[in-house]
1. Looking only at residues that are among the aliphatic types (A, V, I, L, M) and buried (at least 24 other Cβ atoms within 10 Å of the Cβ) in the range 181-200, which one is farthest from A334 (Cα to Cα)?
2. If you go through the range 54-74 one residue at a time, do you hit one that is over 22 Å from the mean Cα position of the chain (by Cα) and either assigned to a helix (DSSP H, G or I) or among the charged types (D, E, K, R) (or both)?
3. Would you confirm, using the coordinates I've provided, whether D207 is assigned to a helix (DSSP H, G or I), open to solvent by 10 Å² or more (accessible area, probe 1.4 Å) and touching a strand residue (DSSP E or B) at 6+ places or on another chain (Cβ under 9 Å)?
4. Report yes if V165 is more than 18 Å from A194 (Cβ to Cβ) and without any contact (Cβ under 8 Å) to a residue 40 or more places away in the chain, otherwise no.
5. Those residues that are among the polar types (S, T, N, Q) and outside any loop (DSSP other than H, G, I, E, B), I need them from the range 307-360; list them, please.
6. Given (1) among the hydrophobic types (A, V, I, L, M, F, W, C); (2) open to solvent by 20 Å² or more (accessible area, probe 1.4 Å); (3) not in a helix (DSSP H, G or I), where does V92 come up short, assuming only one miss?
7. Could you run through the range 30-59 and say how many residues are farther than 23 Å from Q227 by Cα and open to solvent by less than 10 Å² (accessible area, probe 1.4 Å)?
8. From the set of residues in the range 261-293 that are part of a loop (DSSP other than H, G, I, E, B) and among the aliphatic types (A, V, I, L, M), which is surrounded by the most Cβ atoms within 10 Å (Cβ to Cβ)?
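The values are calculated or read from the model by the stated rules, or taken from the named source; none is laboratory data. Since the structure is predicted, the reported quantities are computational estimates derived from the model, not experimental observations. Note that we place each Cβ from the backbone using ideal geometry, even for glycine, and neighbour counts take in every protein chain shown. Just the protein is used for accessible areas: all its heavy atoms, side chains included, with ligands, DNA and RNA removed. Shrake-Rupley method; radii C 1.70, N 1.55, O 1.52, S 1.80 Å.
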Amino acid sequence: MTPIRLGFMPLSDCAVLAVAEGRGFFRRHGLDVVLCREASWATLRDKLAAEALDGAQLLAGMPLAAAVGIDPIAAPTLTAFSLGLNGNAITVSQALWARMVAADPLATARRATTAQALRAVIDADRRRPPLRLAMVYPFAPHNYELRYWLASAGIDPDIDVRLSVVPPPRAVDALATGTIDGFCVGEPWNSVAASRGLGRIAITSYDLWHNSPEKVLAVRRDFAEGQPERHRALLRALLEAAAWTDDPTHREELAALLADERYVGAPAALLAGSLAGVLRLDAAGALAALPDFHVFHRYAANFPWTSHGVWLLVQMLRWGQLDAAVDVRAAAAAVYRPDLYREAARELGLATPDEDFKDEGGHAGPWTLTTSSGPIVMGSDLFLDGSRFDPRAVMHTLAGFRVGTPRVSLDALAALNP
């Protein structure tokens, strides 16, 4: 049979794919897999649609946006595997950070309140052109994280700043040239900007939402349905690779692997910091201890929670990207396939959640999920502002909602969104 072609982006959270290839997990499960490094998320999307790829590392919102018809060149895909949790950060230029510190030194002393300092800068600049902030894709968790951070301080992302899309590998150069004033991207590009003295990490995705969804392995629906045994073998190989990747004793070896130009191509020493849970915030050496910054397997990190898909679709509603007529629970269930995950995990003897949905925001620390296949230790799921998200209540709360401007969407969905 022809090799399975999987696309990916040069980011730290391509780690599970790199390990599955580099450590032989694909071969162990009888698979011939070709990994294809790409330059942008749009390229991955288009190559899936053109059948040049069988699957790809995608931003968690991408297959959902394609399924509901709001992303161009949509290809029917599904996901039965999450590549991990967390891993993003918001970085601002050194010049902007200096202004934020001057405007509100107390707010910049804590990552959780940095948006308040940005608000003070924006208020002082009302007669100047708006600040330019970038994220990696319109339907990326990065977009919703950046908007959440801004909105937490009363900053309107569609009025008070100018948002644009920049591919992750180009974000640092855009900051260096002054094209943008800040960005939300995945590692290692925040650390690259900090180490070069170009920017300061203001807040991480973990600070915004502990153990939030980020990347998935999306495969073409015709591949999953036409070759179910190969798809299941692929999931088994990735599950074993994810367990290896998440072992803290392997992080140094992991950094060396990702440093290879085939994968990320950044210095191993720079990659090792965030992989070990110690993030360098700036060139002066400010550090943040975040042991769960990258979660590749623990906390049921690989399980494709349908409720995560619901949350992402609700963000699309909140920010005016999606019409309210869409049944978000049905749309999420059509793309996120925990049933396929359970089949592969069962063959490896792994415990799996019994339910496809879970509430978010109610656990401040580790907790145990009881399942019929065994207990699963889970991590904190707190939101920055202490909000709660109940995916089961979404359709009831949305009854009678009519989409209008993004601002109307924000007001109407306030009860559902952190």
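1. A194
2. No, there is no match, as no residue in the range 54-74 is over 22 Å from the mean Cα position of the chain (by Cα) and either assigned to a helix (DSSP H, G or I) or among the charged types (D, E, K, R) (or both).
3. Answer is yes for this residue.
4. Yes; evaluated as a whole, the condition is true for this residue.
5. Across the range 307-360, the qualifying residues are S307, Q315.
6. Tallying (1) among the hydrophobic types (A, V, I, L, M, F, W, C); (2) open to solvent by 20 Å² or more (accessible area, probe 1.4 Å); (3) not in a helix (DSSP H, G or I), V92 fails exactly one: (2).
7. The number of residues fulfilling the criteria is 2.
8. Checking each candidate, the answer is V264.
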